[in-house]
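Q: Quick one: the structure is below, and I'll ask about it shortly.
The values are calculated or read from the model by the stated rules, or taken from the named source; none is laboratory data. Note that the structure is predicted; figures quoted are calculated from it, not measured. Because the Cβ atoms are built from the backbone with ideal geometry, glycine has one as well, and the counts that use them run over all protein chains shown.
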């Protein structure tokens, strides 16, 4: 029985050290969550700003369309984008996630179609960005070495 009395004391001692270790890991986790939250908030603001800019660009383009029959539709899309920008700016990340999930459940075809369109647009943007970077890098190499940096030979038009 003497050994049973000592055993809880040892376990309590180990439990205390585990608790201290848990507190240390908890503060690291809290700091990581804080940093992640700050990063999400910054991205959220940038996203809302980009969506708002797109809405404004659509609105300006609708003015240049004049009396075209597409004007009401373009303005309606611009209004919806403005509402989305306001929502993204003011909502919490979990609230945004819930709304996206609800939309995907209610309108799966529209959600998948939108995701496909976004993927295609993202791919075109990435390809255009890569071509721009390559042409700038090629121009820099060309001016520094006096020759072109591309390995492809392009046909030269003759007059």
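Q: Specify which of the listed residues (62, 94) is closer than 25 Å to residue 111 by Cα and modelled with pLDDT under 90.
A: Being closer than 25 Å to residue 111 by Cα and modelled with pLDDT under 90 holds for just one of 62, 94, which is 94.
Q: Give 154, 124 a once-over and let me know the one that is modelled with pLDDT under 90 and part of a loop (DSSP other than H, G, I, E, B).
A: Residue meeting the stated conditions: 154.
Q: Which number in (1) surrounded by 10 or more Cβ atoms within 10 Å (Cβ to Cβ); (2) at pLDDT below 90 marks the one condition that residue 87 misses?
A: Residue 87 satisfies all of (1) surrounded by 10 or more Cβ atoms within 10 Å (Cβ to Cβ); (2) at pLDDT below 90 except (2).
Q: Restricting attention to the stretch 38-71, report how many residues are within 21 Å of residue 114 (Cβ to Cβ) and not in a helix (DSSP H, G or I).
A: 1
Q: Before we move on, is residue 74 in a helix (DSSP H, G or I) and modelled with pLDDT of 90 or more?
A: No.
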